[in-house]
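The values are calculated or read from the model by the stated rules, or taken from the named source; none is laboratory data. Remember, predicted model here, so these are calculated numbers, not experimental data. For neighbour counting, all protein chains shown are included, and Cβ atoms are generated from backbone atoms with ideal geometry for every residue, glycine included.
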Amino acid sequence: AGISPPRMVEELERDVMDIYSHALRPPRGDWPVVLVLAREPSFRKLGAWPWSRKIHGSMVNLLGNARTVVLDLIFSESRNSEEDRFLAEAVKRHGNCVVGAHLVKEGEEERLVLPYPELAASARHLGITNVVPDLDGLYRFLLPLWGYGKGSLPSISLAAALADSGSSLGVRQDPRGATLLLGERPLPLEPFGGIWVTPWDYEKYPIYEYVEVLEGKIPWSAFDDALVMVGIDVAGAMVQDMVPVPWKTGARTIPGVAFVALGTES
């Protein structure tokens, strides 16, 4: 039973872990994290998804004083050469941007959906946006490294931490298992290769509406030397990036980019 515990025991362990996690104090935070979320007001003003890549390029330009910008968005195949170039040049000009990639299951095979080539070449890091649910359908952990082909790619949370800290990534093996080393910071891995994400209230971060940043309604000082994560907080037929996480005695649904932010601090 210790080697392969029954489902009931695993569920009880999760319940105890959830209670313990919520009793922990939020992390001090070695860097300021700011969320820019596209919510209903942004969709009302900017229209249906997907938006022009010039819009996203303008956002990156406005975040020029941020230390790191994470675009938790997928910009796959080329669409419009002028718009594609505008976004890629904005990302290159900033110099410290993370852009999302995604693994898609096709039968028995996995396909990696990368940003279009100019954007991929301009990003500081690419990060896998996939997340895996726990046995009860809630999201409690992230996989920091995703195997693909003969190598591996970082999750978008790990890519954000790498870009923001400027650290290198290493691996240490010892009798207790594997530990990732983010510079000198140890990140112990569970036997299945994951890192537990504590579901602190993501609303502890400063949060700004996408369209209000775009319209210059938010002072630039709000992003000074910050790790800024840009994502979506709306559920719909054309776009959805929401994940259920344990919350107190039940569950709540949070934006995917908020889970990325919590994962970066884990």
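If a residue must be more than 12 Å from V230 (Cα to Cα) and at pLDDT 95 or above, how many such residues does the range 67-80 contain?
2
Since G137 meets every condition but one in (1) touching a residue at least 24 places away in the same chain (Cβ under 8 Å); (2) farther than 26 Å from G216 by Cα; (3) not in a loop (DSSP other than H, G, I, E, B), which condition does it not meet?
Of (1) touching a residue at least 24 places away in the same chain (Cβ under 8 Å); (2) farther than 26 Å from G216 by Cα; (3) not in a loop (DSSP other than H, G, I, E, B), only one is false for G137: (3).
Evaluate the range 251-265: report whether one residue or more is surrounded by fewer than 16 Cβ atoms within 10 Å (Cβ to Cβ), among the polar types (S, T, N, Q), modelled with pLDDT of 90 or more and closer than 22 Å to L143 by Cα.
Yes.
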